[in-house]
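Remarks on the structure that follows.
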Amino acid sequence: MKGGSYSVLFICFLASSSWSVAPPNIVFFFVDDMGWQDTSEPFYTEVTDLNRRYRTPNMERLADRGMKFTQAYACALCSPTRVSLMTGLNAARHRVTNWTLRRDTSPDPEHPSLAMPNWNVNGLSPVAGVERTVHARTLPMILQEAGYRTIHVGKAHFGADGTAGEDPKNIGFDDNIAGHAGGGPGSYYAKYNFSADWRGGDRIWDVPGLEEYHGSDLYLTEALTVEANRAMEEAVSEEKPFFLYMSHYAIHAPWEKDERYYQKYRDEGLSEFEATYASMIEGMDKSLGDILSNINRLGIEDNTIVLFMTDNGAPKQAPLNKPLRGHKLKAYEGGIRVPLIVKWPGVTESESVCKQPVIIEDLFPTLLEMAGMEERIEMDRTIDGVSFVPLLKGARVGNEDRPLYWHYPHCYDQPPFSAIRRGDWKLIYFYDDQRTELYNLADDIGESQDLFDQRPDVAKELSKVLRKFLLEAEADIPTFKETGKAVPLPGV
């Protein structure tokens, strides 16, 4: 249903909260705005120039001990990705399709001919009836009710300022460390109190709750790591399983150098921006290493699952993630294809690689199944995500042709689009001029050859499948200003 609030009630718990075996701890290490190639761990078939530039030894360490997914996908930008992770819903269905910040305010500029839809600009809500929100029981709510200590560290960006959804504690987290409505930090520097005020910026971006570090020389990424490790230690001392959502602000703007790593990149000939960007990546990787080391120190490595993922592609200011085309916000692979590594002790094979496509909403049922909760919950509504636990166990699941969908009905820095991938084929439909593009990713990962005219049969079929999904999901669609009518869907 569409309207001011999308309410879904879908999980009923069984009475017992005891486990037959010790439930695993889960660490979800989430990085902001880091591209598929922004790492020394290659996700392509060959090592690229960017792989040689960046230093992420702890990503390499994690991949050596787990499974690397070379065709993992997120949404093209942050808030849609995060709400899909929390709910298992595709962005077309939850309708938080752009980035959120101020209540009832969309970042979309004026478009000359199209009106953008009234999307769920206020984000995710823990209660029904809040205008322009999606209401759903979230992943941490489910884990919390089952006995997990749920820990949020870093960037939240689930709900607009002044709504309940801006506070992670309202959506199922026991602890909220530094999360709020802002999608980026005021500053990465504790010496500036993690505030935008030092450069005359809007204080809505200021990172909350880290006052003990104010005035020090600590970098934000390091401060969050210290807090995450402290929270893990507390959970272990309480003898409770924990879900740590380690959601870094890095490497989102403002791009502020991590002094621990910056100079060596300058000495190698990188520009000031390139060296800053590289230093932020290496600082993020240091955080991953510190958390992995703490897990080992606490003696819980054999029962702790670690997942590494990013929320969308690299920003347009960063070097292109060749061979991919495009960047954050784009429908092309550079905007949506992201690194994913999973280490599940006793399950994932070391140094294994999975080439089957998975998408962000799949993490919702996957994490629940990892926690042993597939028998503890009963779904009474459709979710879009599909668990990829069988892939982690090395099985073939036979759904290589399952369609994956992206929906961005906005004109913020990119024309509105919908897209579908099925098998090796990918189709993109642009609403502003009703143009369709078709690519074969197996032959053309850089999406340089539009095959729409050469393969009208494939384009027609994919357009039909995409249109059917958009209608079923009741997706928001731009309208023509002149007539007030919705732009035709793909294939019409």
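Restricting Asp457, Asp433, Asp453, Asp443 to those that are closer than 17 Å to Ala331 by Cβ and among the acidic types (Asp, Glu) reduces the list to Asp433.
Scanning segment 438-460 for residues that are closer than 20 Å to Pro357 by Cα and among the charged types (D, E, K, R) yields Asp443, Asp444, Glu447.
Considering only residues in segment 145-161 that are modelled with pLDDT of 95 or more and over 16 Å from the mean Cα position of the chain (by Cα), the one that is farthest from Leu85 (Cα to Cα) turns out to be Asp161. Collect the residues in segment 56-70 that are basic (Lys, Arg) and within 22 Å of the chain's Cα centre (by Cα), keeping them in residue-number order. Within segment 56-70, Arg61, Lys68 meet the criteria. Return the residues of segment 447-489 that are part of a loop (DSSP other than H, G, I, E, B), buried (at least 16 other Cβ atoms within 10 Å of the Cβ) and within 26 Å of the chain's Cα centre (by Cα); say none if nothing qualifies. Glu447, Ala473, Ala475, Asp476, Ile477, Pro478 - these are the residues of segment 447-489 that are part of a loop (DSSP other than H, G, I, E, B), buried (at least 16 other Cβ atoms within 10 Å of the Cβ) and within 26 Å of the chain's Cα centre (by Cα). For segment 70-86, residues that are among the β-branched types (Val, Ile, Thr), farther than 10 Å from Phe158 by Cβ and part of a helix (DSSP H, G or I) total 1. Filtering Gly372, Gly346 for residues that are within 22 Å of Arg61 (Cα to Cα) and either in a loop (DSSP other than H, G, I, E, B) or free of Cβ contacts under 8 Å to residues at least 24 places away in the same chain (or both) leaves a single hit, Gly346. Based on this model, can you work out whether Thr382 counts as farther than 30 Å from Pro109 by Cβ and either among the β-branched types (Val, Ile, Thr) or assigned by TED's automatic domain parsing to the domain that holds Leu307 (or both)? In short, yes. Looking at segment 235-250, can you tell me whether even one residue there is assigned to a helix (DSSP H, G or I), surrounded by 20 or more Cβ atoms within 10 Å (Cβ to Cβ), in contact with a strand residue (DSSP E or B) (Cβ under 8 Å, 6 or more places away or on another chain) and modelled with pLDDT of 95 or more? Looking for residues that are assigned to a helix (DSSP H, G or I), surrounded by 20 or more Cβ atoms within 10 Å (Cβ to Cβ), in contact with a strand residue (DSSP E or B) (Cβ under 8 Å, 6 or more places away or on another chain) and modelled with pLDDT of 95 or more, one finds at least one in segment 235-250, hence yes.
Close contacts from segment 286-299, counting a first residue that is assigned by TED's automatic domain parsing to the domain that holds Phe29 and surrounded by 21 or more Cβ atoms within 10 Å (Cβ to Cβ) and a second that is part of a helix (DSSP H, G or I) and β-branched (Val, Ile, Thr), with Cβ to Cβ under 6 Å and a gap of 6+ residues or different chains, come to Ser287/Thr221; Ser287/Thr225. The single condition among (1) in contact (Cβ under 8 Å) with a residue 12 or more places away in the chain; (2) surrounded by fewer than 24 Cβ atoms within 10 Å (Cβ to Cβ); (3) not acidic (Asp, Glu) that Arg82 does not meet is (2). The one condition from (1) at pLDDT 95 or above; (2) not in a strand (DSSP E or B) that Gly201 does not meet is (1).
Matching residues to (1) outside any strand (DSSP E or B); (2) not aliphatic (A, V, I, L, M):
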position	(1), (2)
Gly385	yes, yes
Val397	yes, no
Trp406	no, yes
Cys411	yes, yes
Gln414	yes, yes
Lys426	no, yes
Glu437	no, yes
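Just one of the listed residues (Pro57, Pro42) is surrounded by fewer than 17 Cβ atoms within 10 Å (Cβ to Cβ), more than 23 Å from Gly183 (Cβ to Cβ), at pLDDT 95 or above and touching a helix residue (DSSP H, G or I) at 6+ places or on another chain (Cβ under 9 Å), namely Pro57. Between Ala486, Ala473, the distinction of being of a type in the set (Gly, Ala, Ser), touching a residue at least 60 places away in the same chain (Cβ under 8 Å) and not assigned by TED's automatic domain parsing to the domain that holds Pro80 belongs to Ala473 only. Only one of the listed residues (Lys330, Lys257) is closer than 24 Å to Thr70 by Cβ, modelled with pLDDT of 95 or more and either touching a Lys or Arg at 6+ places or on another chain (Cβ under 6 Å) or in a loop (DSSP other than H, G, I, E, B) (or both). That residue is Lys330.
The values are calculated or read from the model by the stated rules, or taken from the named source; none is laboratory data. Since we're looking at a predicted model, the values are computed, not measured. Here the Cβ is made from the backbone with ideal geometry for all residues, glycine too, and neighbour counts use every protein chain on show.
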